[in-house]
Every structure is written in C-alpha cells, then in structure tokens.
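So the structure is just underneath, and the comments pick up after that.
The values are calculated or read from the model by the stated rules, or taken from the named source; none is laboratory data. For clarity, every value in this text was computed on a predicted model and none was experimentally measured. As a convention, Cβ positions derive from the backbone with ideal geometry for all residues, glycine included, and neighbour counts pool all protein chains shown. Please note that ligands, DNA and RNA were not included when accessible areas were found on the heavy atoms of the full protein model with its side chains. Shrake-Rupley method; radii C 1.70, N 1.55, O 1.52, S 1.80 Å.
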Amino acid sequence: MPVRAAILLFASLSTGSLLMPAAADGQASAPSADAALAHARALLRSTPLIDGHNDLPWEIRRAKDHPLDVAAYDLRRPTPKHTDLARLEAGEVGAQFWSIYIDGEMKDSGYARVQLEQFDIARRMIARYPDHLSLALTADDIERAFRKKRLASLLGMEGGHAIENSLGVLRSYYALGARYMTLTHNVTLDWADAALDSARHAGLTEFGKEVVREMNRLGMLVDLSHVSPGTMSDVLDVAEAPVIFSHSSARALVDHPRNVPDSILARLPKNGGVVMVTFVPQFVSIECKVWEDTGDSVRKALRASVPDTAEARRQWEQWEAAHPPPSSTVAQVADHIEHVRQVAGVDHIGIGSDFDGVDYTPVGLEDVSKFPNLFAELIRRGWSDADLKKLAGQNLLRVLRHAEATAARLQKEREPSTKTIEQLDGARTTS
Ligand SMILES: [Zn+2]
C-alpha cells in the first residue's frame, strides 16, 4: 500500500469513520485513486460483500478436459475464467450466490437430472474447501461465516424450467439448499414469460402465481432477472416477501430487455426488494449492446445463407475476431447503481456480477478480485460508508431476513400447496 494511502486509511480508521474528511465549504474533495481503493478494502472487511450471481458451477460442469470434476477444477490454483480462491480473497468477497444455472433448451435430458447434478457439483465444491467456503442457508449463516473469515456460499437456481411444473420438485430443491430461483432463463415457460422470448401469458399464469406463493411460503427468494416486465409486474402484485434481481441493470440507461424498467424500480420500495446490478457489458454499455445486436444479425444471416454449420461457425469466428467488443467501464456500472438508487432508493440496490457467466467484462472489473474498484469509484463520487454497506450486502441481508420471517408466518397459516398446472391453467399449452 502506498504510504499516503496508508496514512489516510489510518487517519480515517482512528477517527472511527472510513469517510474521507470533507472540505470546510461542504464540498468533499475527491480522494486519490489509491486512497479510495484502500478505503474500499477496509469497508469490505467490515461488512460482507454479497454477490448475487456467479456461474462457476456451470464452468466446472463444462470444463474441457475434466467435465463435472470438482477436484480437477482446482480453485487453489489460477483457473481459466474469473473465479478462484486467491482472487475471491483479493476481491474481499464475503458471500456468494453460486448460480446452479441449467440450460433451458436442452433436448437430451429432463431438466431435473441436470439440476440435481448442478446441486451436486456446487455442494461438492463448497465442501472441498472448508478453510475457505462455508455453506450458507440463512442470513445468520452469512454473518457467522463472515465472522469466521469464510466465504458464505449460497445456492441460487437459474431457470424455473427446473421444477418441471411441479411444486413438490420446487420444495425438494429448497431442501437441497436453493435460496433463490430465477423464475425463467431465456425461454418462456408454461407459466411465466421470459425477457428474451415471446410473451405468451402477458406475465404469469395462475400456476405461475402459485409458484411465487409457494416460494414465499418456503423462504426461497423470487429472482426476477431474465423475466419479462409483465412477469415482474405480476410477481410484485402477488409477492408476500421482497424480490431480488440477482443480475440485472437499469433499462433507462441501456434499453436491453434483461434490464429493469423504471416503472418496476419505482415499485421496489413498497415490496422491499433489491436490484443486484450486474457488470455484463451489453447491459451496462450502449456501445456493447449495439455490438451484440450487430453480432446477432450477422449470426442470423449466416444461419440462413450457409447451410454447412461448421463453415457458418468458421465465418462467425472470423467476424468476431475482426470485430472485438467495445470496452465498457467501472464508471458505467457505477452509473447504473446510481440510477437504481435514484429511482428505487438506496435500500434497494446490490451487486450481481455474473462472473464466469460472460465472455467479456468491463475494464477494471475483469474478475472476482476487482470488486473493490467499483466501491472505490463510488467513494470518489462521494458515497457515504452507510450507503456503501447497504449496497455491499446489508440490503440483501435485510431481504433474506424478511423472506425468512414471512416463511415462518406463512408456514403457520397454510399447508404446502398441492395445486397442479392442469388444475390452475387448464390444458397445457406446450408439450
Ligand atoms: Zn443469467
């Protein structure tokens, strides 16, 4: 640590505040880059940084040489993508929702088998490094792990297709440790519309609403990243507990269907939920969104005009190599955080990186070791320690505790739901 940063950090710690002193006229003098980074690190050691979304279990599943092999994907060594133990520690990560994502378009298996395999991979991964990782099922578990200097490890399912239209399967996943479920991934389900697919139900069906009610009764957070605005709206109408967006940014800044519209942000104070702002370049930068759209049209044109799929792939790779994505920045991510704060309020923001789930990352947020850069950026913008702690994880802890208390109440009021999609929605709309 540079001497000046160390002195400033010492000075701020010894006065009991991590804030840099403000100038006498009330205008805070922006701290230097080094001082802000030191301040960010000290802050994240005092409160858990809870990241909403990391796709490491899927990376382990599809590892080239040793697929599904938790031992071979050794987190004690540098790994090929964004996440390993040394970088998690350098990034001051206090708690991680490990995404146990499964593909919504698989043709060769039922969803439940693959979902159970992802539970198995994630749980073996957590158990393998007891000196570093600790399974967390509650808000108290997160705080306990943080005190013991372990990374609290939570499981988040990504894609309601995994329940195969069964509330019994949903309950079994809760019993295995799932503490959130993203209602859809990219494919519209029999009971919920996805952001990147056609809207067939104008939101949720009656069975979809029953899924939300049952998740509330269990204490599993309802994750609205990946769903359509209609689904977001319907969930907010029926939800009895706060919702989350585990990895989405602000649609007013970048008009991407994966982002959250202001009309939904404005409803969060009443619901109590949190948008965990993501770093995905196409969601945070207009230039990257345009690049993605152009790439999509090129791919579509190739599919239509080149029947040989290997040749089409070769031409696509050629295009991609000739057209690298524009760069995105930490400042752009901070802009999204500030927009959500402005519309929804400081009690409704969090962080959801999507590391290991993307091929490109913003400059300055290249991997899990870089989280302090984002906090340093906000410190330079004048954020208070109290607000930074809410963003880091205090908001998410509040949401989890609220969901746990709601579940305890609802379990006294009603039995597990035995409703079926056939009873609630009539004839099934797809096979
Ligand atoms: Zn995702």
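What to note about this one:
- Residues (in contact (Cβ under 8 Å) with a residue 60 or more places away in the chain and open to solvent by 30 Å² or more (accessible area, probe 1.4 Å)) located in segment 199-208: ARG200, GLU206
- There is no residue in segment 101-109 that is crowded, with 16+ Cβ neighbours inside 10 Å and more than 16 Å from the ligand (Cβ to nearest atom).
- Just one residue in the set VAL212, VAL169, VAL222 is out of contact with any Gly (no Cβ under 6 Å at 6 or more places or on another chain), open to solvent by 10 Å² or more (accessible area, probe 1.4 Å) and away from the ligand (no atom under 14 Å from the Cβ); that residue is VAL169.
- Residues that are farther than 20 Å from ARG398 by Cα and either buried (at least 24 other Cβ atoms within 10 Å of the Cβ) or not basic (Lys, Arg) (or both), drawn from segment 242-259: SER249, ALA250, ALA252, LEU253, VAL254, ASP255, HIS256, PRO257, ASN259
- Pairs with Cβ under 9 Å, 6+ apart, first in segment 241-258 and without any contact (Cβ under 8 Å) to a residue 24 or more places away in the chain, second of a type in the set (D, E, K, R) and more than 16 Å from the ligand (Cβ to nearest atom): ARG251/ASP262
- Screening the candidates LEU196, LEU183, LEU137 for the property of being surrounded by fewer than 22 Cβ atoms within 10 Å (Cβ to Cβ) and closer than 30 Å to THR47 by Cβ yields one hit, LEU137.
- In this entry, ASP367 is excluded by the filter for residues that are touching a Phe, Trp or Tyr at 6+ places or on another chain (Cβ under 9 Å) and on the phi > 0 side of the Ramachandran plot.
- Scanning segment 241-259 for residues that are outside any loop (DSSP other than H, G, I, E, B), within 16 Å of the ligand (Cβ to nearest atom) and more than 15 Å from the chain's Cα centre (by Cα) turns up nothing.
- Segment 164-186 residues that are on the phi < 0 side of the Ramachandran plot and part of a loop (DSSP other than H, G, I, E, B), paired with ones that are modelled with pLDDT of 95 or more and open to solvent by 10 Å² or more (accessible area, probe 1.4 Å) (beta carbon under 6 Å, 6 or more apart): THR184/HIS226; HIS185/HIS226; ASN186/LEU196
- Residue that is nearest to the ligand (Cβ to nearest atom) [pool: residues in segment 260-278 that are farther than 13 Å from ASP347 by Cβ and open to solvent by less than 10 Å² (accessible area, probe 1.4 Å)]: THR278
- Filter result for GLU292 (open to solvent by 40 Å² or more (accessible area, probe 1.4 Å) and within 16 Å of the ligand (Cβ to nearest atom)): yes
- Looking only at segment 72-96, and only at residues there that are small (Gly, Ala, Ser) and open to solvent by 20 Å² or more (accessible area, probe 1.4 Å), the one that is farthest from ALA38 (Cα to Cα): ALA72
- Identification of helices (runs of 4 or more DSSP H) wholly contained in segment 349-431 with 2 or more residues that are modelled with pLDDT of 95 or more, in contact with a strand residue (DSSP E or B) (Cβ under 8 Å, 6 or more places away or on another chain) and open to solvent by less than 20 Å² (accessible area, probe 1.4 Å) yields 371-380, 395-413.
- In segment 144-166, the residues that are surrounded by fewer than 18 Cβ atoms within 10 Å (Cβ to Cβ) and over 30 Å from LEU424 (Cα atoms): ARG144, ARG147, LYS148, LYS149
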